[in-house]
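Quick one: this structure, given as structure tokens, is what I'll be asking you about.
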Amino acid sequence: MKARQDGAKGYRRLIPSLTALVEFEAVARLRSFTHAATELGVTQAAVSRQVRLLEELLGVRLFDRLHRNLTLTKEGEALYAVVSESMGRIAGVFDRLSTGIEDEELVVAATAAFSHFRLMSSVGTLKRLNPNLRIRLTTTMFTADLRHNEADAVIRYGNGNWNDGTSYLLFEEQVSAVCSPGWLKANGTPETLAELMSCPLIADDPTSEGWLTWEQWFRALGERPGKVNYGLRTSLYSDAVQAGLDDQGIVMGWNSLLHEHLASGRLMRVTSAILPMSDAYYLVVPHGRRITPTIQALIELLREAAGAA
């Protein structure tokens with residue numbers, strides 16, 4: 001019994017103020033003493049005092065306080081990562097115990113294109129493996145700040161270096177020009193990139209960071225784009241792909257997204273020109289949430305589908 005008491009004293013010695021940690025987490029997440037004070041229902045002076053207490057106890061600065069800008073130091077990032085994850089786990093247990101709901105809910109955010117072409121089939125498999133699992137999908141257009149997002153996991157396209165969560169590589173990407181077999185049969189195969197440029201191209205608005213335009217694709221392959229022949233423009237990539245399936249022209253093929261259409265032959269590469277991308281797809285778990293067995297299973301399902309392609 002005495003050993004347990006000594007251990008408790010040890011924790012209190014190392015972590016003398018849970019209030020300070022709670023208020024530090026709010027400031028770090030919101031990047032604002034004012035917003036943290038509002039959320040917690042205390043004064044800004046009280047929040048500043050608690051954070052200053054932590055800095056004095058640790059002997060390090062946790063924030064760089066610049067004019068109208070608040071950023072975490074390296075030491076602050078290290079503390080925030082562990083505090084936010086721990087608080088998220090505690091909150092999850094409180095929520096489950098207080099509501100009496102035993103079924104797990106998974107909230108996943110992704111672009112409409114990723115959800116349509118890659119995520120939905122993996123979600124179906126995940127549901128079959130865990131019938132009690134409740135899944136909610138939310139659509140994102142840009143890389144949203146996960147500190148203000150309710151998602152348990154988000155799919156992002158980029159370099160994997162984001163400071164609001166932990167990134168897990170799913171698969172890489174390459175881009176080529178694709179069309180339906182019907183269009184290719186009716187119009188023939190362009191022999192060069194210059195000929196391809198004159199074909200009716202289907203374009204979509206590049207609403208996600210890192211997505212290409214046709215002009216950028218031609219330039220990256222060494223072809224100076226002149227006047228590109230746009231047969232159709234759409235706001236959504238999924239609409240552009242559907243137009244390609246309907247024999248309306250040539251669509252930019254993000255091959256990893258469209259692997260099922262390419263594998264089945266519903267879409268075909270028009271030429272051998274393929275542009276490997278330096279960015280890739282990642283699943284990101286926000287700080288404050290742990291990677292659960294369900295999220296790990298989703299990662300593996302998405303990776304397996306990419307490997308099968």
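The values are calculated or read from the model by the stated rules, or taken from the named source; none is laboratory data. These numbers come from a predicted model, not from an experiment. Here Cβ is always computed from backbone atoms with ideal geometry, including for glycine, and neighbour counts include all displayed protein chains.
Given the condition in contact with a helix residue (DSSP H, G or I) (Cβ under 8 Å, 6 or more places away or on another chain), at pLDDT below 90 and outside the structural domain of S17 (by TED's automatic domain parsing), answer yes or no: does some residue in region 164-174 qualify?
Yes, region 164-174 has at least one match.
Also, I was wondering about something else. How many residues are surrounded by fewer than 24 Cβ atoms within 10 Å (Cβ to Cβ) and over 12 Å from Y230 (Cβ atoms) when one looks only at region 243-252?
3
Within region 274-307, take every residue that is without any contact (Cβ under 8 Å) to a residue 12 or more places away in the chain and out of contact with any strand residue (DSSP E or B) (no Cβ under 9 Å at 6 or more places or on another chain) and give me the one that is nearest to A220 (Cα to Cα).
E304
Surrounded by fewer than 19 Cβ atoms within 10 Å (Cβ to Cβ), modelled with pLDDT of 75 or more and over 16 Å from T294 (Cα atoms), is that true of T71?
The answer is yes for T71.
Restricting to region 36-82, count the residues that are within 15 Å of N163 (Cα to Cα) and of a type outside the set (S, T, N, Q).
Qualifying residue count, region 36-82: 12.
So which residues in region 163-203 are in a strand (DSSP E or B), of a type in the set (V, I, T) and closer than 21 Å to P276 by Cβ?
Narrowing region 163-203 to residues in a strand (DSSP E or B): 165-179, 201-203.
The next check asks that each one be of a type in the set (V, I, T); those that pass are 166, 175, 178, 202.
Within region 163-203, V175, V178 meet the criteria.
Looking only at region 45-52, decide whether some residue is touching a strand residue (DSSP E or B) at 6+ places or on another chain (Cβ under 8 Å) and within 14 Å of T19 (Cα to Cα). Break it down into steps so the answer makes sense when it comes.
Quick first cut of region 45-52, residues touching a strand residue (DSSP E or B) at 6+ places or on another chain (Cβ under 8 Å) only: 51.
If we keep only those that are within 14 Å of T19 (Cα to Cα) as well, we get 51.
Within region 45-52, one or more residues are touching a strand residue (DSSP E or B) at 6+ places or on another chain (Cβ under 8 Å) and within 14 Å of T19 (Cα to Cα).
When you go through V228, V178 one by one, which is the residue that is modelled with pLDDT of 95 or more, over 15 Å from the mean Cα position of the chain (by Cα) and of a type in the set (A, V, I, L, M, F, W, C)?
V178
Which is within 30 Å of L298 (Cα to Cα), hydrophobic (A, V, I, L, M, F, W, C) and either out of contact with any Lys or Arg (no Cβ under 6 Å at 6 or more places or on another chain) or modelled with pLDDT of 90 or more (or both), of A110, A46, A20, A37? I'd like the intermediate steps shown before the answer.
Working: A46 fails: within 30 Å of L298 (Cα to Cα); A20 fails: within 30 Å of L298 (Cα to Cα); A37 fails: within 30 Å of L298 (Cα to Cα).
When all the criteria are applied, what remains is A110.
For region 204-219, check the following and say yes or no: at least one residue is within 16 Å of M252 (Cβ to Cβ), assigned to a strand (DSSP E or B) and in contact with a Phe, Trp or Tyr (Cβ under 8 Å, 6 or more places away or on another chain).
yes
If only one of L262, L221, L236, L257 is crowded, with 22+ Cβ neighbours inside 10 Å, under 23 Å from F171 (Cα atoms) and outside the structural domain of D152 (by TED's automatic domain parsing), which one is it?
On inspection, the qualifying residue turns out to be L257.
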